[in-house]
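Note sheet for the following structure.
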Amino acid sequence: MAETGVARGEAFQPVKSAGRTLDVLEALADGAGPRSLGELARALSIPKSSLHGILRTMIGRGWVEADLTGTRFGLGVRSLQVGAAYLETDTVTGLLSGVLDQLAGEFGETVHLGRLDGPYVVYLAKRESVHPLRLYSAIGRHLPAHATALGKVLLAERTDEAVDRLLHWPLAALTRQTITDPGALHDELATIRSRGYAVDREENTDGIVCFAMAVPLQAPATDAISLSIPATRLDTTTEPRIVTALTTALTQIRAARPLLPTL
C-alpha cells in the first residue's frame, strides 16, 4: 500500500482528541506548577468528563503525573525523556556546543542558545555564570520574543509586517523597560538590523543586560546566541568585548556553513 505523506499547507481536519491531548501538555509545561482538573478544564475549555479520561490515559503512559492526593497534575517523566531526546538530536544544539563553552569560559557569564517559536523564544542550551549574582533561567523556558535580546535579534531577521503577524498584541511588559509600543519596537528592530546585534537592557529581568546575535545557518535565522550579565558588572569596555567575541564565534560558523549538512 502506498504511503501517505503530510505536506506543509495541506488541508486537513484536525483530530480533536489529539489536539486536546497536546493542549494539556502545553498547559502543564507553562511553568505554573501542578494544576487541578477544574483549573485545566477552565483554561482549556474541555468538559471535565472528557478531560478526566485524557488525563488518565496520559498518566498511564507516563506523560502526566498526579500528586499524592490524586487531584493535581503535572508533567510526567515521559515528557522529560522526549524533551531530552529533542535536544540530543538537534543539529544546531550539538554544533554550537563548543561556541557556548568558549563564550562562557571567556566571560564567566550566562550564555544561551535560543530558538524562535512563534511569538516566543525558547532556551535550547545554556552555560551557567560562575558568579553568585546571575540570571535565573532554565532550558525549555519560553519568553516573549520582544522582551529578550535573543528574540529581538531573531525578529529583526524578518520584515516589520512579518513581525506584526507573529507577535501577540498588545505586547506584555515584563519590566518597566520592556518595549511594548509598536512604533518603538519597529525602530528597535531597525537599529538591530543596522548594527548586527541586539541588546536587552533590563527589558526581560530587572538588573540584567543581555547581548545577542543571530546564528547564520538559515535565512531568516531561527536561532541566536546571547550572553547575559548583571548591570552592576558592566563597564565601558564590556559591550565592545562581548560584541567582538560573538562576532568572531559566529563568523567561524558562517565560514563553515558550506561544509555542514542541510538543516
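The values are calculated or read from the model by the stated rules, or taken from the named source; none is laboratory data. Predicted model, so just to flag it, every value in this text is computed and none were measured. Positions of Cβ are generated from backbone atoms using ideal geometry, with glycine treated the same way; all protein chains shown enter the neighbour counts. Just so you know, the surface numbers come from the protein's heavy atoms only, side chains and all, with ligands and any DNA or RNA stripped out. Shrake-Rupley method; radii C 1.70, N 1.55, O 1.52, S 1.80 Å.
Close contacts from the range 51-63, counting a first residue that is within 15 Å of LEU40 (Cα to Cα) and a second that is of a type in the set (Phe, Trp, Tyr), with Cβ to Cβ under 7 Å and a gap of 6+ residues or different chains, come to LEU55/PHE73. Of the residues making up the range 205-251, those that are in contact with a His (Cβ under 9 Å, 6 or more places away or on another chain) and either small (Gly, Ala, Ser) or surrounded by fewer than 16 Cβ atoms within 10 Å (Cβ to Cβ) (or both) are ALA212, ALA224, SER226, SER228, ARG233. So for the range 252-260 (the condition being among the charged types (D, E, K, R) and crowded, with 20+ Cβ neighbours inside 10 Å), does at least one residue qualify? So far as the range 252-260 goes, no, none of its residues is among the charged types (D, E, K, R) and crowded, with 20+ Cβ neighbours inside 10 Å.
Counting only helices (runs of 4 or more DSSP H) wholly contained in the range 128-242, the ones carrying 2 or more residues that are among the hydroxyl-bearing types (Ser, Thr, Tyr) occupy 182-195. LEU189 falls short on exactly one of the conditions (1) under 30 Å from THR89 (Cα atoms); (2) in contact with a helix residue (DSSP H, G or I) (Cβ under 8 Å, 6 or more places away or on another chain); (3) open to solvent by less than 10 Å² (accessible area, probe 1.4 Å), and that condition is (1). Just to verify a result, which residue in the range 152-165, among those that are without any contact (Cβ under 8 Å) to a residue 40 or more places away in the chain and not β-branched (Val, Ile, Thr), is surrounded by the most Cβ atoms within 10 Å (Cβ to Cβ)? Once the filter is applied, the top-ranked residue is LEU155.
So which residues in the range 40-75 are under 15 Å from SER17 (Cβ atoms), within 29 Å of the chain's Cα centre (by Cα) and among the basic types (Lys, Arg)? Of everything in the range 40-75, just one residue is under 15 Å from SER17 (Cβ atoms), within 29 Å of the chain's Cα centre (by Cα) and among the basic types (Lys, Arg), namely ARG61. For the subset of the range 128-149 comprising residues that are under 20 Å from LEU100 (Cα atoms) and small (Gly, Ala, Ser), which member is surrounded by the most Cβ atoms within 10 Å (Cβ to Cβ)? Only one residue fits best here, namely ALA149. In this structure, does ARG193 turn out to be under 25 Å from THR244 (Cα atoms) and of a type in the set (Lys, Arg)? Criteria met by ARG193. Beta carbons closer than 6 Å, at least 6 apart along the sequence or on distinct chains, never pair a first residue in the range 221-248 that is on the phi > 0 side of the Ramachandran plot with a second that is in a helix (DSSP H, G or I) and open to solvent by 40 Å² or more (accessible area, probe 1.4 Å).
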